[in-house]
1. Please work out the Kirkwood hydrodynamic radius for the stretch 173-319, using every pair of different C-alpha atoms, and report it in angstroms with one decimal place.
2. In what sequence do GLU228, GLU256 fall when counting other Cβ within 10 Å, fewest first?
3. What nm value, rounded to one decimal, do you get for the distance between ARG308 and SER338 when each label is placed 7 Å out toward the C-beta?
4. Give, to the nearest whole percent, the P(r) tail of the chain beyond 35 angstrom, counting all Cα pairs.
5. Under 8 Å for C-alpha pairs, at least 6 residues apart: give me the relative contact order for the chain, rounded to a whole percent.
6. If I require 18 Å or longer along the helix axis, counting alpha carbons, and a Kyte-Doolittle average no lower than -1.0, what helices from the chain are left? Use full DSSP H segments.
7. Quick one: pull the percentage of alpha-carbon pairs in the stretch 189-257 with a separation above 21 Å.
8. Return the percentage of antiparallel bridges among DSSP beta bridges fully within the chain, rounded to the nearest 5 %.
Amino acid sequence: MLDFIFGLFSKDIGIDLGTANTLVYVKEKGIVINEPSVVAINEKTNQILAVGKEAKKMVGRTPSHIVAIRPLRHGVVSDFEVTEKMLKYFFDKVQSESSLFLPNRPRLVVGVPLGGTEVEKRAVIQAGKNAGARSVFLIEEPMAAAIGAKLAISEPSGNFIIDIGGGTAEVAVISLGGIVLSRSVRYAGDKLNEDIINYVRDEFKMAIGERTAEDIKISIGGIIDSGESKDMIIKGRNLVSGLPQEILIKEKHVREAIKDSVEKLLETIEEAIEKTPPELVADLMTKGLVMTGGGSLLGGLAEYISERTGVPVRVAEDPLTAVVRGTSIVLEDLDKLSGVLVDSFSERAPQ
């Protein structure tokens, strides 16, 4: 009864708590927040100066007493206190309507990476509760992505999902509402940025930051030749003279920079296919692989995976929001879909 009364005065929330971006869904309102997972803090006062887009603008540009922190690394909480503050900020932003009688304490469904440790999962739950949630439920990101992509996960057939985020790339085979087989590697968005930074350093003797590397990846990054001779001018610091420098970087340079990481990702996908039961592999040939996450938008990646594996590959509709849309669907019927939650850590939906 108490939970029912709480429910009247709160807005249940679904969160894709990503390494690169955090997306927040509010029941009956849709996706209300899609911002970088970055928090700027004044270390002298321990005060949050900015969260999300405004904080990201400060990365690499702050005085010594102000730090712009990404509290999640490889999809897991690396800075518990800052993650809690970031969640609290988002909660306050979406819980604008308050009751005179009861606090607005929402139920929370959070997408978490495959294979996270007990400590990491409990950190997410505790951060959510400390930020103001009354109940926290966890769902593995590939499962949430598959639900968000509207795959028939409850059917007795194989659904193949590849979710490529900022910190991790996760491959999962789902059937009858459960994950039959999964693989998780860190050859994802952040690793590709790192590859580009290292390539520019080694080939052009120039230092660039993470934001520049990400801009390069998004603007001219790709796996195969686009045929458009893409290039862009980038600025950084000459490592020999220490002075500012400007160079022209081409798409072929980006392909060269990221090729090893892409091959590692492909090996993971091939290994998952090899380990999949034969009956489900037959489904793979019919239904194909479905890609979600920001990494799925890398030019030519779907075509390259299809060519190398011999199976159809498609990018889900609106791949960037697949995970948070999956959490929203679970929120709509927690009782019916409780089987997709991480059993050991999620709290069952109150009756």
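Every number here is computed from the coordinates shown, using simple stated rules; none is lab data. The structure displayed is predicted, hence computed values, not measured ones. Note that we place each Cβ from the backbone using ideal geometry, even for glycine, and neighbour counts take in every protein chain shown.
1. Its Kirkwood hydrodynamic radius stands at 16.8 Å.
2. The fewest-first ordering by Cβ neighbours comes to GLU228, GLU256.
3. Each label point is offset 7 Å from its Cα along the Cβ direction, giving 4.2 nm.
4. Numbers: 16388 of 61425 pairs.
Result for the distance tail: 27 percent.
5. Working: 711 pairs, mean separation 64.8, N = 351.
Relative contact order of the chain: 18 percent.
6. 80-94, 118-131, 189-204, 251-275
7. 17
8. 70
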